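The values are calculated or read from the model by the stated rules, or taken from the named source; none is laboratory data. Everything numeric in this text was worked out from a predicted model, so none of it was measured. Cβ atoms come from the backbone with ideal geometry, glycine included; neighbour counts cover every protein chain shown. Side chains included, ligands, DNA and RNA excluded: accessible areas come from the protein's heavy atoms. Shrake-Rupley method; radii C 1.70, N 1.55, O 1.52, S 1.80 Å.
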Amino acid sequence: HVADKIGQGGARYFIHSEGEVIIDFTNLDGIEDVDSKFAGFHVASTHGVELNNLANLRAGEGGIAVSGQYVTLNNVALKDDASNYQEVGVALLDGASNVVMNNVTIQSPHTAGIVVDTAATVSNIAIDGLASRGVENWVHIDIEDRATVNGFTVANSVLGAAAEVSPSH
């Protein structure tokens, strides 16, 4: 458990490496941790991190928090359509830059699919193929108060749909 910037108690898995990290979850059915006090992953490395082919991550405060640089999420699902534990799909914290999200599915976060944290400065965020569904309370993409965003693109994505599913509506 890493007590850091996301969640009441930090994150279950903390990545802060001096070199490039590539994690491929292809043979893993998913990661389920509904402890409401923790995020799933916090990526703080500035040397390049890839999280690939994660069938599903169901975490408490947020699925993946990013404060690092050169972070790529490929084929990642963050689905929690059976409870309201997962607050946020992806949280972009202060310092997040050169973040790429390809084919990310976010289903039924309690607050928002993607959040730029309060007073955070983020840059060069590129999202392609986002499927955001069933947000329970707020929005699909949330840029919080006093945040500074330099370069944020969303392409080939669907935010919401008639068939949205969440436990609260």
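Looking only at residues that are at pLDDT below 95 and open to solvent by 40 Å² or more (accessible area, probe 1.4 Å) in segment 120-139, which one is farthest from Thr46 (Cα to Cα)?
The qualifying residue farthest from Thr46 (Cα to Cα) is Asn137.
Going by what's in this entry, would Ile114 be described as within 10 Å of the chain's Cα centre (by Cα) and under 15 Å from Thr153 (Cβ atoms)?
yes
Does Tyr85 count as open to solvent by 50 Å² or more (accessible area, probe 1.4 Å), part of a loop (DSSP other than H, G, I, E, B) and touching a strand residue (DSSP E or B) at 6+ places or on another chain (Cβ under 8 Å)?
yes
Scan segment 50-61 and give yes if some residue there is under 16 Å from Gly95 (Cβ atoms), in contact (Cβ under 8 Å) with a residue 24 or more places away in the chain and in a strand (DSSP E or B), otherwise no.
Scanning segment 50-61, I find no residue that is under 16 Å from Gly95 (Cβ atoms), in contact (Cβ under 8 Å) with a residue 24 or more places away in the chain and in a strand (DSSP E or B), so the answer is no.
Quick test for you: out of Thr46, Thr118, pick the one residue that is among the hydroxyl-bearing types (Ser, Thr, Tyr), touching an Asp or Glu at 6+ places or on another chain (Cβ under 6 Å) and assigned to a loop (DSSP other than H, G, I, E, B).
Thr118
Being surrounded by fewer than 16 Cβ atoms within 10 Å (Cβ to Cβ) and among the aliphatic types (A, V, I, L, M) is the filter here, so list the residues in segment 140-163 that pass it.
Hits for segment 140-163 are Val149, Ala155, Val158, Ala161, Ala162, Ala163.
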